[in-house]
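Here is the structure we will look at.
The values are calculated or read from the model by the stated rules, or taken from the named source; none is laboratory data. Owing to the predicted nature of the structure, the values given are computational and were not obtained by experimental measurement. Note that each Cβ is placed from the backbone with ideal geometry, even for glycine, and that neighbours are counted across all protein chains shown. For accessibility, only protein heavy atoms count, side chains too; no ligands or nucleic acids. Shrake-Rupley method; radii C 1.70, N 1.55, O 1.52, S 1.80 Å.
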Amino acid sequence: QKRLFEYDTPKSAPHELTVQNISPYLTEAPDVVVSKRSKPIGTSPSMGCGSKPSDGGHLILDAGEKSELLAVEPEAADYLMPFVGSQEFLNGGERWCLWLENISPATLKRLPNVLRRVQLVKTFREASTAEPTRRAAATPSRFFFVAQPKAQYIASPEVSSERRKYVPIGYLPADVIASNKLYIIDNPSLYVLGVLQSSMHGAWTRTVAGRLESRIQYSGTMVYNNFPWPDLPPKSEPNQPLAPAQQAQAAIETAAQTVLDAR
């Protein structure tokens, strides 16, 4: 006899259920497993990780370190960008990064404190046991992995509390650098944001996502790429009524904008 125990909340008493079969996701279902996919189903835009520094912490600054740097090198302000991971996205807080993608060698030489940090990145990477990290020592002023969109983008935290009914997903501007602890979509579509913030996507996430302790650990290849997006019909001709699916899309976009307005 197979038994499942369900909880209304993480701290409530369990309800015991007798079931025919327990799936790998601890649900009453067949033994079906979701596998990683490199691309999303249908025509939805691709999702990837934010930028990864692999810098030993030398390109990342807290508010105090930022103030200290600017006190002696105010020109560095042009290269300091807000740096947001799951923690900052969900709970606020302030972190900054040295984003030196377009800095010239001459400018870098005029900023000895920034240059010192770059040299420490080089030393850190050279000492790494991972060959890709050692190779990245040749470009110590750059993040190890760069994936920053050029315009406003959708961001989703990698880890979120299981107590939330919805995993908070939203927009970030192009001048906020997303860390590799955020999943990002280089597309500001209200429709995509609305679907990702829906209870349907939330149910899918809670079922197939990984867990960090009890917290939800999102994954682009497992959760997002396997999500069954609806196929949308082509746009109607001018002055023609919208098809039902197009009406639904418009309703989702309106709801997503209402969420943003409420925030």
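The rule of thumb for compact globular proteins, 2.2 N^0.38 Å, goes into the C-alpha radius of gyration of the chain 1.23 times.
A crude spin-label estimate for the pair Glu131 and Asp231, with each label 7 Å from Cα along the Cβ direction, gives 4.3 nm.
Computed on the Cα atoms alone, the convex hull of the range 44-140 gives a volume of 129 cubic angstrom per residue.
In terms of its Cα atoms, the range 18-60 spans 54, 30, 12 Å along the principal axes, sorted from long to short. In this label model, Gln87 and Asp261 are separated by 3.6 nm, measuring between points 7 Å along each Cα→Cβ vector. Placing dummy labels 7 Å off each Cα toward the beta-carbon, the span from Glu75 to Ala248 is 5.8 nm. Accessible surface for the chain, divided over its residues, is 58 Å² per residue with a 1.4 Å probe. Ser198 sits among other residues whose Cβ lies under 15 Å from its own Cβ, and their net charge, with Lys and Arg +1 and Asp and Glu -1, is +2.
Compute the label zone of Arg37 within the range 156-187: residues whose backbone N is under 19 Å from the point 7 Å along Cα-to-Cβ. Answer for this model: 156, 183-187. As a fraction of the 1.4 Å probe accessible area of the chain, surface on carbon and sulfur atoms comes out at 54 percent. Pairs of lysines in the chain whose Cα atoms sit within less than 22 Å of one another amount to 16, provided the residues are eight or more positions apart or on different chains. Against the compact-protein benchmark of 2.2 N^0.38 Å, the Cα-based radius of gyration of the range 156-226 scales to 1.06. For the chain, DSSP calls about 90 percent of its internal beta bridges antiparallel.
Helix 244-262 sits at what angle to the longest principal axis of the chain, using alpha carbons and giving 0 to 90 degrees rounded to 10? Tilt of helix 244-262: around 50 degrees. Estimated from the Cβ-Cβ distance and a Förster radius of 22 angstrom, the FRET efficiency linking Val208 and His15 is about 0.50.
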